[in-house]
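Report on the following structure.
The values are calculated or read from the model by the stated rules, or taken from the named source; none is laboratory data. Since this is a predicted model, take the numbers as computed values, not measurements. Note: ideal-geometry Cβ built from the backbone for every residue, glycine included; neighbour counts use all protein chains shown. Side chains included, ligands, DNA and RNA excluded: accessible areas come from the protein's heavy atoms. Shrake-Rupley method; radii C 1.70, N 1.55, O 1.52, S 1.80 Å.
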Amino acid sequence: RLMGITLLLRSRRKLTARQLAQIFEVSIRTVYRDIQSLCRAKVPIAVEGGPEGGYSILKTYSLPPVMFTLDEAIALFLGGRFIDHLHGTPFREAMRTALIKIEDILSEDVKASVHSLSRSILFDMKDGVNNAATKETFERINEAILKRRCIQMAYRSASEGQKTIRRLIRPYGLVYGEGIWYLIGSCHLRGVQEMFHVNRIQVVALTDWGFELPDAFNLKLLARSLAESMK
């Protein structure tokens, strides 16, 4: 968290204690202690009072460059290649640009080793089902999952003769399997946990209704249980 506060203050002009508390999901008192710790570590943080005040950091302050070990770099690039092979994922372009940025800071030796190993590992993914879900659909679902907000969606249900129905869902998570993206969630009306094909979601909208995850929530176990019940 201390590193995160330092990086944020370097990348942004000014942040208040309340804003930092919201970003890191801690109390304002914890932020005050963190700022004190950074000051003791000789990080040049400036404090400005008043309505427009907040914390800032001297622009001349610099951190040591980020360095990746060979294993870390290989893990990142293999993970990127795996995502690039996932059908229908909205993150492919973002991953490609991220890897370009990461490659730019790698040492020449690490870069050569990563390229060599990349040619020696193949991901042979199943074609699965064509996923027509849009990037906007994924973005709204991800936002709802992060903010613990219900979604209203128009869903083409296979169990009801491909009829499009309106559903109010508590979205718990996204799962990729057998070439298909699934949304795991609970139907507000039916009160049961279900698995939805993301490519059958025609319209999705974020609502103002919040929700809490079930006790002892485990997405992997829930997905397996729902998949078994669908067989």
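With K and R counted +1 and D and E -1, the other residues having a Cβ less than 14 Å from that of Pro51 yield a net charge of 0. Each residue of region 132-231 gets 102 Å³ once the volume of the Cα convex hull is shared out per residue. Measuring with a 1.4 angstrom probe and ignoring ligands and nucleic acids, His85 comes out at about 60 Å² accessible. How far, in degrees from 0 to 90, does helix 219-230 lean away from the longest principal axis of the Cα atoms of the chain, to the nearest 10? That helix lies at roughly 10 degrees to the long axis. Enter the angle in degrees (range 0 to 90, nearest 10) between the Cα long axis of helix 28-40 and the first principal axis of the Cα atoms of the chain, meaning the one along which they spread out most. Taking the Cα atoms of the chain, the angle to 28-40 is about 40 degrees. Highest mean packing first, where packing is the average number of other Cβ atoms within 10 Å per residue, the peptides 220-229, 68-77 line up as 68-77, 220-229. What the phi angles of region 173-180 give under the Karplus curve with 6.51, -1.76 and 1.60, with θ = phi - 60°, is a coupling list of x, 10, 10, 10, x, 6, x, 10 Hz, glycine and proline written as x. FRET efficiency for the pair Ala46 and Trp209, taken as 1/(1 + (r/R0)^6) with r the Cβ-Cβ distance and R0 = 30 Å, rounds to 0.15. Summary of packing: across the peptides 151-158, 51-58, the per-residue average of other C-beta atoms within 10 Å ranks them, highest first, as 151-158, 51-58.
If Lys and Arg each add +1 and Asp and Glu each add -1, what is the summed charge of the other residues whose beta carbon sits under 11 Å from the beta carbon of Tyr182?
With Lys, Arg at +1 and Asp, Glu at -1, the net is -1.
Each label point was placed 7 Å from the Cα along the Cα-to-Cβ direction; for Ser225 and Arg33 their separation is 3.6 nm. Largest GNM mean-square fluctuation among Val204, Val114, Val47, using the chain with Cα springs under 10 Å: Val47. Amide hydrogen proximity for Gly173: with H placed 1.01 Å from N in the peptide plane, the residues at 5 or more positions away or on another chain lying under 5 Å are Ile184.
Computed from phi, the 3J(HN,Hα) profile of region 45-53 under the Karplus parametrisation 6.51, -1.76, 1.60 (θ = phi - 60°) reads 9, 9, 10, 10, x, x, x, 9, x Hz, with x in place of Gly and Pro.
For the set Lys59, Lys163, Lys42, the ranking by accessible area, highest first and with no ligand, DNA or RNA atoms included, is Lys42, Lys59, Lys163 under a 1.4 Å probe.
From its DSSP helices (H runs of at least four residues, each -39,500 (n - 2.57)), the chain gives a residue-normalised ellipticity at 222 nm of -12500 deg cm²/dmol.
Can you order the peptides 26-34, 101-109, 176-184 by their average number of other Cβ atoms within 10 Å per residue, highest first? Could you put the intermediate results ahead of the total?
Numbers: 26-34: 14.4, 101-109: 12.2, 176-184: 18.7.
The packing order, highest mean first, is 176-184, 26-34, 101-109.
Overall, the ratio between the Cα radius of gyration of the chain and 2.2 N^0.38 Å, rounded to two decimals, is 1.29.
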